[in-house]
Amino acid sequence: MLVIKYGGNAMKSLELRRRIALEIGRLREHESVVVVHGGGPVIEQNLQARGLESRFLRGLRVTSSAAMDTIEMAMAKLSKELAQDLGAAIGLSARDDKLLEGELLEPGGGELGRVGQVLQVNTHLLEALLRIGITPVIGCIGVDASGEPFNVNADWVAGAVAGALKSPIIYLSDVDGVYRNYPDPSSLLGKLSESEARAGIAGGWIAGGMIPKVEAALHALEKGATGATLASGMRTGVLEAAVRGEGGTQFVR
């Protein structure tokens, strides 16, 4: 079994998105696949279209109740579109049989509003779909104990799903992996241990937008994922290479 996290920035091109979908389809000939997707650019477009504020706090999108309604609609549509691209797939919501349950990060919403974390994944639903040959496609929305939706960082969702399923995960993003000396292509790291990654963050050669990507991979391992790889979703062929252990950066405990 394999979890693939497909980043929102890697889905900006419809043509590329459909080519990646073909690659995922080929992988399904040999193993079961669960897809978790982001949707930052799509969410941004929908919020702007409705005149709603879009801002971030501590790297997380501040989510009012009005924004939450818009985000949920946008993610549901994107899940269905990705499932359509894949074929033999179904776009799922956290509302479906309590797929992703959790809680808000701040009591009462706080400054962040409807932003939370996933604490429980309904693996029985996912495994039942996989047994009949249907690929689950999951957006980054969770529900709380009362069934109300909240916004979640898609990397965290993917890590929670991979951990619950005890499967490896590949993060398809807009980067090739982790560089020891960016942008020197020869410094791309094929493997990186947790301790090396932490040292890289402390030492400053893992910096900026790379930090949350690396922390997401480490988070997945902590949750129980059996492996985590960061690779580019910006061109075809990388996913299949990453599955063979020949592409991107593999994180190990």
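At what distance in angstrom do the alpha carbon centres of region 184-244 and region 119-174 lie from each other? Cα centroid of region 184-244 versus Cα centroid of region 119-174: 20 Å apart. For Ala89, the amide hydrogen comes within under 5 Å of the amide hydrogens of Thr135, counting only partners 5 or more places away or on other chains and with H modelled in the peptide plane. Once Lys and Arg get +1 and Asp and Glu get -1 on their Cβ, which of Met210, Ala199, Ala160 lies farthest toward the positive end of the dipole of region 139-232? Of the listed residues, the answer is Ala199.
Charging the Cβ of each Asp and Glu at -1 and of each Lys and Arg at +1, and nothing else, the dipole of the chain about its Cα centre rounds to 400 debye.
The convex hull built on the alpha-carbon positions of the chain has an orientation-averaged projected area of 12.8 nm².
Value of Rg to Rh for region 195-244, rounded to two decimals, is 1.02; Kirkwood radius and Rg both from alpha-carbon coordinates.
Which helices of the chain meet both criteria: a Cα extent of 15 Å or more along the helical axis and a mean Kyte-Doolittle score no lower than 1.0, with helices taken as whole DSSP H segments? Could the numbers behind the result be given before it?
Working: long enough: 14-27 (20 Å, 0.04); 65-86 (32 Å, 0.14); 154-165 (16 Å, 1.33); 210-223 (20 Å, 0.29).
For the chain, where a helix must reach 15 Å along its axis and average at least 1.0, the hits are 154-165.
Under a point spin-label approximation (7 Å from Cα along Cα-to-Cβ), what is the Glu29-Asp69 distance to one decimal in nm? In this crude label model, Glu29 to Asp69 measures out at 4.7 nm. The mean sequence distance of close C-alpha pairs (under 8 Å, at least 6 residues apart), as a share of the length of the chain, puts its relative contact order at 22 percent.
Database remark: amide H of Gly39 closer than 5 angstrom to the amide H of Gly8 (H placed geometrically; neighbours at sequence offset of 5 or more, or on other chains; Pro and chain starts carry no H).
Determine, for each peptide in 186-192, 92-98, 171-177, the mean count of other beta carbons within 10 angstrom over its residues, then list the peptides with the highest first.
Working: 186-192: 14.9, 92-98: 18.6, 171-177: 23.6.
Top to bottom by mean Cβ count within 10 Å: 171-177, 92-98, 186-192.
Sorting the segments 210-218, 232-240, 48-56 by their mean number of nearby beta carbons within 10 angstrom, highest to lowest, gives 210-218, 232-240, 48-56.
Rule-based calculations on the coordinates, nothing more; no lab input. Note that the structure is predicted; figures quoted are calculated from it, not measured. Note that each Cβ is placed from the backbone with ideal geometry, even for glycine, and that neighbours are counted across all protein chains shown.
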